[in-house]
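The values are calculated or read from the model by the stated rules, or taken from the named source; none is laboratory data. The model shown is predicted, which means the values in this text are computed figures rather than measured ones. As a convention, Cβ positions derive from the backbone with ideal geometry for all residues, glycine included, and neighbour counts pool all protein chains shown. Surface areas here come from the heavy atoms of the whole protein model, side chains and all, with no ligands, DNA or RNA. Shrake-Rupley method; radii C 1.70, N 1.55, O 1.52, S 1.80 Å.
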Amino acid sequence: MDKLQDAGIFPYGSEQLSTYQKHLIRYLSREFKRLEARQGAVAISNRGPMWGQTGELMEHHYDEDDRLFSTFLDQRHKAYSMAYYGDTAEEVKASPLSLEEAQTRKFKIISERAGIRGDEKILNIGCGFGSLESYLYSIYPKLEITSVTPSTVQADYIKEKKSECAHPFHGKRFTLINDDFANIQPETLGLESFDLILSIGVLEHVNNLYTLFSRLYQLLKPGGKTFHHLITSRIIIPNFLDSDNTLIGKYFPGGKVWPFATLEAQHDFFQLEQSWFINGMNYYRTLDQWHQRFWENIEQLYPSVLSEEAIKHWNDYFVLCKACFAPEDGAVYGNGHFLYRKN
Ligand SMILES: C[S@@+](CC[C@H](N)C(=O)[O-])C[C@H]1O[C@@H](n2cnc3c(N)ncnc32)[C@H](O)[C@@H]1O
């Protein structure tokens, strides 16, 4: 790994990387405080197409080699979203949970908050590697789940599991659609056919929340519910709403960080039943675990799977994301849970 260090790419735990991360956290803490002092109106969420740059997003991020994701994601669910260690920053830091256990805890909390009983018809938008499905089928084998991802890498992984007779994904209760959600005609999925529509770590990629919620309205049964888990900020961070002008676009073309209040204000088609802000140190710790595992397995990745440039890209990504969640001990930038009922 000397070659990487010679190229200025420093590993997890190194003094150089820790110093860089501390500087970034200090800079972002100052920025967030400055923005807190001059907050404006709720961010606009009803312009342009439902989804912005899905093709580029898949190419630049989600369709990266599966061997990369396998080195750092948890071994139990292969979840690519925040794990839940605790309610407060202190609890997160003191938590004895492994990444695997904290991911299971996240899915348990989501199931409880979304009110899953076990006999519903569910749509999961942006299913990743089927992490939520793996949790749900271990508890509720009778659920009927349709899951959507435009990522070929994620879909191939799920299809392989589906082909194994003994796997919980096998069978007619689980349907996978490998497409951009915006491209799927609501009639194909079934008008007013779902009891519950979920997304975990997906609304960060949505460009127009109004069109998304209008589509969800068409798909839900009367009285149906929709639950969303996503990265969100307590304040409006104008740059984070425009991926072309920030580093968000480098890692997630078209990505956005919606303010908490913007999600709470989505009531054209739904009534907000409840919302929860989740302390950002949960994602800090998740990302830190991913970052550590990435470096523990670096020999499997470099140079056979990732080039020097790609290692730098992912190393910077982990540090930058962690730095966003750390200011004010996770109180301003974290995750949100939003539960809505169809009007
Ligand atoms: C951060 S990952 C979360 C994956 C999964 N929900 C989990 O928690 O493990 C975001 C997911 O959103 C999906 N996604 C992005 N754009 C999408 C689109 N236009 N339609 C459907 N899914 C999309 C990605 O393919 C990916 O599966």
Subject >> Matching residues in the stretch 64-98 - criterion: being among the hydrophobic types (A, V, I, L, M, F, W, C) and either under 19 Å from the mean Cα position of the chain (by Cα) or modelled with pLDDT under 95 (or both) >> reply: Leu68, Phe69, Phe72, Leu73, Ala79, Met82, Ala83, Val92
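If we scan the stretch 61-70, do we find a residue that is under 18 Å from Ile125 (Cα atoms), in a loop (DSSP other than H, G, I, E, B) and within 13 Å of the ligand (Cβ to nearest atom)?
Step one: list which residues in the stretch 61-70 are under 18 Å from Ile125 (Cα atoms), which gives 61-63.
From the residues that got through so far, the ones that are in a loop (DSSP other than H, G, I, E, B) too are 63.
Filter once more, keeping what is within 13 Å of the ligand (Cβ to nearest atom): 63.
Looking for residues that are under 18 Å from Ile125 (Cα atoms), in a loop (DSSP other than H, G, I, E, B) and within 13 Å of the ligand (Cβ to nearest atom), one finds at least one in the stretch 61-70, hence yes.
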**OP:** Give me a count of the residues in the stretch 140-156 that are out of contact with any strand residue (DSSP E or B) (no Cβ under 6 Å at 6 or more places or on another chain) and either polar (S, T, N, Q) or within 11 Å of the ligand (Cβ to nearest atom) (or both).
**Re:** 7
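Matching residues to (1) assigned to a loop (DSSP other than H, G, I, E, B); (2) over 23 Å from Ile298 (Cβ atoms); (3) open to solvent by 60 Å² or more (accessible area, probe 1.4 Å); (4) more than 16 Å from the ligand (Cβ to nearest atom):
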| residue | (1), (2), (3), (4) |
| --- | --- |
| Pro11 | yes, no, no, yes |
| Lys22 | no, no, yes, yes |
| Ile25 | no, yes, no, yes |
| Phe32 | no, yes, no, yes |
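Hey, which of the helices (runs of 4 or more DSSP H) in the stretch 102-214, taking only ones fully inside, have at least 1 residues that are in contact (Cβ under 8 Å) with a residue 24 or more places away in the chain and over 30 Å from Gly48 (Cβ atoms)?
So the answer is 131-139, 152-162.
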**OP:** Filter the stretch 34-63 down to residues that are within 17 Å of the chain's Cα centre (by Cα) and hydrophobic (A, V, I, L, M, F, W, C) and give me whichever is surrounded by the most Cβ atoms within 10 Å (Cβ to Cβ).
**Re:** Leu57
**OP:** State whether the residues of the stretch 246-264 include one that is under 25 Å from Leu97 (Cα atoms), of a type in the set (Ser, Thr, Tyr) and under 17 Å from the mean Cα position of the chain (by Cα).
**Re:** no
Original post:
Which members of the stretch 257-280 meet the condition of being of a type in the set (A, V, I, L, M, F, W, C) and open to solvent by less than 20 Å² (accessible area, probe 1.4 Å)?
Top reply: Val257, Trp258, Phe260, Leu263, Phe270, Ile278
Original post:
Can you tell me which residues in the stretch 140-183 are aromatic (Phe, Trp, Tyr) and open to solvent by 20 Å² or more (accessible area, probe 1.4 Å)?
Top reply: Tyr140, Tyr157
Original post:
Would it be correct to say that Gln289 is open to solvent by 30 Å² or more (accessible area, probe 1.4 Å) and touching a Leu at 6+ places or on another chain (Cβ under 6 Å)?
Top reply: yes
**OP:** Select from the stretch 124-139 the residues that are more than 11 Å from the ligand (Cβ to nearest atom) and under 22 Å from Leu189 (Cα atoms) and write down the one among them that is surrounded by the most Cβ atoms within 10 Å (Cβ to Cβ).
**Re:** Leu136
Original post:
If Val92 passes every condition in (1) surrounded by fewer than 24 Cβ atoms within 10 Å (Cβ to Cβ); (2) more than 10 Å from the ligand (Cβ to nearest atom) but one, which one does it miss?
Top reply: (1)
